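Below is one structure; the comments refer to it alone.
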Amino acid sequence: MDGKVKEQRKHQQKHSGPKAERKKLKKQGGTTEEDARKRNPKAFAVQSAVRMAKTFHRSQDIKTKKHHIPLVDRTPLEPPPIVIVVVGPPKVGKSTLIRCLIKNFTRQKLGDICGPVTIVSSKKRRLTFMECNNDINTMIDLAKVADLVLMLIDASFGFEMETFEFLNICQVHGFPRIMGVLTHLDSFKNNKALRKTKKNLKHRFWTEVYQGAKLFYLSGMVYGEYQTQEVKNLGRFISVMKFRPLVWQTSHPYVLVDRMEDLTDPEKVRTDPKCDRTVSLYGYLRGTHLKNKGQVHIPGVGDFQVADVNFLPDPCALPGAQKKRALNEKERLLYAPMAGVGGVVYDKDAVYIDLPASHVHQQQEEVRPTTELVQSLIDTHSTLDAKMAASKVSLFSGSATLEPSDICEESRENGGPQEETVWDPNTQRERRKVVFAEEDEEEEEEEESGSSDDEEGGSEDSDQEEEDDEDEDEEDKDKDNLSKFLKDARAKSEETVEPSSDAPPVKKQKVEKKEQSAELPAFADSEDELEVSEGEETAEEGEAGRAGDSGHCSEEDEEDSEDDGEEESEDESMEEDDAADTTMKSGSEEEEEGEEELGALKWKEGLQQKASEAFLRQQAAIPNLRKLVYGSVVAANNSEDEEEEELGGLFTVSRPQKSKRFQADAMDCCRFSPDSSHNWDLDEMLNSIRDCFVTGKWEEGTDAATLLKEDEELYGDFEDLETGEVHKNKSGDQAEDNKNDEEEDDDDEEESQVKVDEDVAQKNKRLEKKQRLKERFDTEYDDGDATYFDDLKEELQKQAELNRAEFQDVDDETRVQYEGFRPGMYVRLEIPSLPCEFVTNFDPHYPIILGGLTSAEGNVGYLQMRLKKHRWYNRILKTRDPLILSLGWRRFQTIPLYHIEDHNGRHRLLKYTPQHMHCGASIWGPVTPQGTGFLALQTVAGIKANFRIAATGVILDLDKSVTIVKKLKLIGYPYKIFKNTSFVKGMFNTVLEVAKFEGASIRTVSGVRGQIKKALSTPAGAYRATFEDRLLMSDVVFLRSWFPVTVPQLYNPVTSLLLPAGQKDGWAGMRTLGQLKHDLGIRNKPNTDSLYKPVVRAPRHFNRLHIPKELQKALPFKSKLKQQQPKGKTPKDLQRPTVIREPHEKKVAALLNALSQVHHHKRKKAHKAQHAKHKEFLQEKEKQEEAKMKRQKEARKKLYRTMGQTDQKKQRSSLKGSAKDD
């Protein structure tokens, strides 16, 4: 292996260029920037204090934004696997991505992705992959338990609605880490279009998640898989990602179930197939501690009480603490029971071994068990004959080895059974058929090729560890076929003719039970107990044992054996030892026991007795410390074991591992059994260890250091396997010489050396003390850069360390009783009274989540919520329409009442949700802590064309303190009016109703306010009321009242997991009133009072305004009424008679009319001409005025100039005169 590793090319340092120059300057001391600062400090000084302050403030803001409220770290030392949910619309590549990631981490291929798949990704991290299908129920459930979401987006199509639905679900239930993955990028042929699409999708993704969210690009596929380097990069990001704890997950225990078993009595199921089932569910506990006998909720099933909880050995444990960077092949574990992967499954009181064949890429491969126990019990690859055929035996030292090829032809002639690989279409796997000597030579050639293929298949099986897809029924069928096959083989072997004495007999394992029990190693629980080394074996025997291997050793074992070449004999598995031992025995028995019956399959007989004897022998080999310390009798070894064993009177069985020297030199020296000669009942033996408990100065012969030097003779030289340091042993003679040659000078040197060491130790102690005092002083007086945030983080860190240290040294059994089952444990929960549909309709593609409930969360009551209709949902929500809520772990249907709070604190019922604002909602549902988010859907059945999330919100209160009221208008009509008092009827029916509303304020439609005073005896329901003004008989009186509304008590859990396979996304609960009318074909009958009618209003006739005469006298004249008499008809005598003209007069009138028309036209024309002429005149005049004004302006300027000059002359002359006077 080491020779095949390709040497990496050494890094060549640059000797020229800017980078090399910078490195040279750095070596010389100081950079060019520092030199420039020294030369010209002003150039690097602060140019603008304002800009510097802004930069500082911005950096501080960015730093503060990165702060989160620190939480106590409650993650256990061995955290549970990280749940990675792969989400996306159909046919986007979810299963392919999971397979590629699993192959990247574990080097194994997985067929169908069913249920959670847990892998070991690094030394300190495990991952659980879960595929999320397109069902909205699955999306909601997995969003609650996900630590990381890989959101797959088809880049060739763009964002689909499922992506946004899942993002909104995550926003409500606590936002996990989300990474986008773009697929189908190879469909773009144009690079420009590809870049543009990437940019658009990235920015839209950032809008929904957060700015800078990671988006991966899977550019294309190679042979049906994504490119290895891209998958590796994605795996690296997953491996180093940090996760912030989510509030709901850290406050509730939960289990993502990876295995389910039905524990119901089969007889009960047979008599009553519909009876409730008792089921045990397995998985890693996450969240917080889980108490036994608690209450859990299974989303899609309901609430249940846990009957029992146990913790089991971790099926996918983290590797031990080792000083290395990467995992080796043994530690790349894969655990997916629902996908049929995992050879050994641990239960409360049993270990299940599941070994059916698997179908991976339509190739037939069998699963190899991962523990030596399974290999020793079930060996389906080859019988003992196959092992013996591959072995070499030499009867005497120095003699030639016997190979199977020497006797192969003779064994065929004498009826030896051969093997042929046959494909069984019923069970879909290879069956190993026995072919006897009657077959022709062509069939024998096929047998050899088949057996070689079988061995190659066995080696390939090691690559595909812990994979199986077959059902339990097929496994039982295989077992029945195997037992029938064995019976037929035995019957045929008895009927065949015994071989002749000349030919060598068929190889057969024939050993007495006592010898066999002493020879075989114990069925060990771990591989450490099977590491039996035989230090005195020759190299030839080691090669023979290696050749006898049946192909069960995995690639990891082979690599280990090649790396540790010197320790081959110590690392051999139990089967190889068995094969070598049985080969020696069979070789000696070939000459003497040829008359034994044929067949080599009797090795499976008496397995129960062998196992029991091996268990008793293993128990006897382990030293009991209680018996050693407290003096109980240790049973001596059987005398039969001490006697030398002989085989056939010729060979003596060598037992090198029985010798004390061998036991002391073994790999694990602390495991060899104590010497049985020590009888601890004797006083001498007790006195021999009494000194172990005494302190003080010992004599030279009894000093511990002296005794240890003497013990070095027994152990000899040894090498530290971790550091590689070789520790040499000083022989006893050298030790004695050194003792005799010691002189006084050496003593003085030792004393001086001791004094120097003590002085150094004292000095270091004083320095440490000073350092501690200085640190304490600094923390008290110099706060430094420490902030409140840092102090809070430090305090929480101390609390986390205290939490870990509390139960650190307590064993798990005791610890579980105090604090419950801690997160990270692999637990088994037994739940009774589950509906039978849960088992019969079980589908591993749908997740099963056990969500732990607190003591209060199991109750049902009234909840007050704040709700807002989602802006992408295209319909408003109507009150009293059933709604499906996802709240906490639960999904249930309920009837909400929407309301809004008025300014006076009244909660008024709303008929519909408001369009773009929050409103209150009251429901009857499970009690959930305040501040818990929820989302609402109108249906979970099928896939709608539009957005499915109807509303989101948060829990506000958990009681019935809010009273929702509804507006109620009562209408009445006045039937008697006395000034401002009126009698009103038609509003109430009885006197009692009126008595309830005495003093209530009422109003008319016209706006006149009033108050109810007292009920009247007749008619029933009438009352007296007073108003601000006198009413009219046409007025309508109404009373505005508020009526309390009760919240409907409906809590209907969504039981989607109980539906048959293929119908789990079709759960339908209560329908809305509109859906019912639509389905039943009922049309709405409108209320006649609500219909629009033509408004017919009669004209109002108002009475004349009457003003008393006294008031009229006091009014001023302008306000007095004027007594205007209406004009009557003109009398006939005053009316002018009509003139009738003669024809001549008519002509004259027409002529005059024409002349007047001509005259008017001439005058009009002349007027227009005059107006135009006048306009021209005015314009000319305006010009003249402007010229005049200009002349005057110039003249004024000239005048003012001359006047100024004269003034200046006068001023100068006056100044000269004053100077002369002075």
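Residues 872, 889, sorted by accessible area with the largest first, give 872, 889 [1.4 Å probe; ligands and nucleic acids excluded]. If R0 is 22 Å, the Cβ-Cβ spacing of residue 68 and residue 798 corresponds to a FRET efficiency of close to 0.75.
With all protein chains kept in place, the per residue accessible area of region 843-996 amounts to 46 square angstrom at a probe of 1.4 angstrom.
Viscosity 1.567 mPa s, temperature 4 °C: give me the Stokes-Einstein translational D for region 31-121 in µm²/s, with Rh taken as the Kirkwood radius over C-alpha pairs.
Numbers: Rh = 19.8 Å.
Stokes-Einstein gives a translational diffusion coefficient of 65 µm²/s.
Residue 1017 exposes around 100 Å² of accessible area when a 1.4 Å probe is run over every protein chain in place. Of the solvent-accessible surface of region 1051-1135, computed with a 1.4 Å probe over protein heavy atoms with every protein chain present, carbon and sulfur atoms account for 56 percent. In plain terms, the bigger the Kirkwood radius, the slower the diffusion; for region 131-191, with that radius from Cα pairs, at 10 °C and 1.306 mPa s, Stokes-Einstein puts D at 127 µm²/s.
In the complete set of protein chains, residue-level accessible area for residue 156 is approximately 60 Å², probe 1.4 angstrom.
Taking each residue as 0.36 nm, the span from residue 12 to residue 959 lengthens on full extension beyond its C-alpha to C-alpha distance by 333.5 nm.
Ordering 281, 1105 by accessible surface, largest first, gives 1105, 281; the 1.4 Å probe counts only protein heavy atoms, with every chain in place. Size descriptor for region 160-312, Kirkwood hydrodynamic radius: 20.1 Å (Cα pairs only, one decimal).
Semi-axes of the equivalent ellipsoid for region 16-167, computed as √(5λ) from the eigenvalues of its C-alpha gyration tensor and ordered from largest down, come to 49, 24, 19 Å.
What FRET efficiency comes out for residue 992 versus residue 1079 if R0 is 35 angstrom and r is the Cβ-Cβ distance? Round to the nearest 0.05. Don't jump to the answer; show the numbers that get you there.
Values: r = 44 Å, r/R0 = 1.25.
It comes out at approximately 0.20.
Full extension of the chain between residue 1104 and residue 1200 yields a length gain of 26.6 nm, computed as 0.36 nm times the residue separation minus the alpha carbon distance. At q = 0.13 Å⁻¹, what base-10 log of I(q)/I(0) does the Debye formula yield for region 1134-1193 when every alpha carbon is treated as an equal point scatterer in vacuo? Normalising to I(0) and taking log10 leaves -0.63.
What are the semi-axes of the equivalent ellipsoid of region 956-1088, taken as the square roots of 5 times the eigenvalues of the Cα gyration tensor, listed largest first and rounded to whole Å? Over the Cα atoms of region 956-1088, the ellipsoid semi-axes are 49, 19, 13 Å.
With every protein chain kept in place and ligands, DNA and RNA left out, what is the accessible area per residue of region 179-278? Probe 1.4 Å, answer in Å².
Accessible area per residue: 59 Å².
Here the accessible area is traced with a 1.4 Å probe on the protein chains. For region 236-277, carbon and sulfur cover 58 percent of it.
Would you mind checking 878/960; 66/793; 969/996; 868/969; 123/242 for any pair whose Cα atoms are more than 20 angstrom apart? Beyond 20 Å between Cα atoms: 878/960; 868/969.
The value given for region 916-974 is a Kirkwood hydrodynamic radius of 15.2 Å, derived from the mean inverse Cα-Cα separation. The Rg/Rh ratio of region 1065-1120, with both radii computed over alpha carbons and Rh defined as the Kirkwood radius, is 1.67. Of the solvent-accessible surface of region 800-895, computed with a 1.4 Å probe over protein heavy atoms with every protein chain present, carbon and sulfur atoms account for 44 percent.
Surface exposure of region 1137-1202, expressed per residue as accessible area with a 1.4 Å probe, stands at 105 Å².
Between residue 1185 and residue 1161, the FRET efficiency from the beta-carbon distance, with R0 = 35 Å, is close to 0.45. Based on the alpha-carbon gyration tensor of region 188-241 and its eigenvalue square roots a ≥ b ≥ c, which shape applies: rounded if a/c is under 1.5, prolate if not and a/b is larger than b/c, or oblate? Here region 188-241 falls in the oblate category. Past 27 Å, Cα to Cα, is the threshold; run 967/1013; 144/869; 10/192; 124/765 against it and keep the listed order. Pairs exceeding 27 Å: 10/192; 124/765.
Sorting 1027, 1102 on solvent-accessible area from highest to lowest, probe radius 1.4 Å, gives 1102, 1027.
The values are calculated or read from the model by the stated rules, or taken from the named source; none is laboratory data. Since the structure is predicted, the reported quantities are computational estimates derived from the model, not experimental observations. FYI the Cβ positions are ideal-geometry reconstructions off the backbone, even for glycines, and counts take in every protein chain you see. Areas reflect the complete protein model, heavy atoms only, side chains present, ligands, DNA and RNA absent. Shrake-Rupley method; radii C 1.70, N 1.55, O 1.52, S 1.80 Å.
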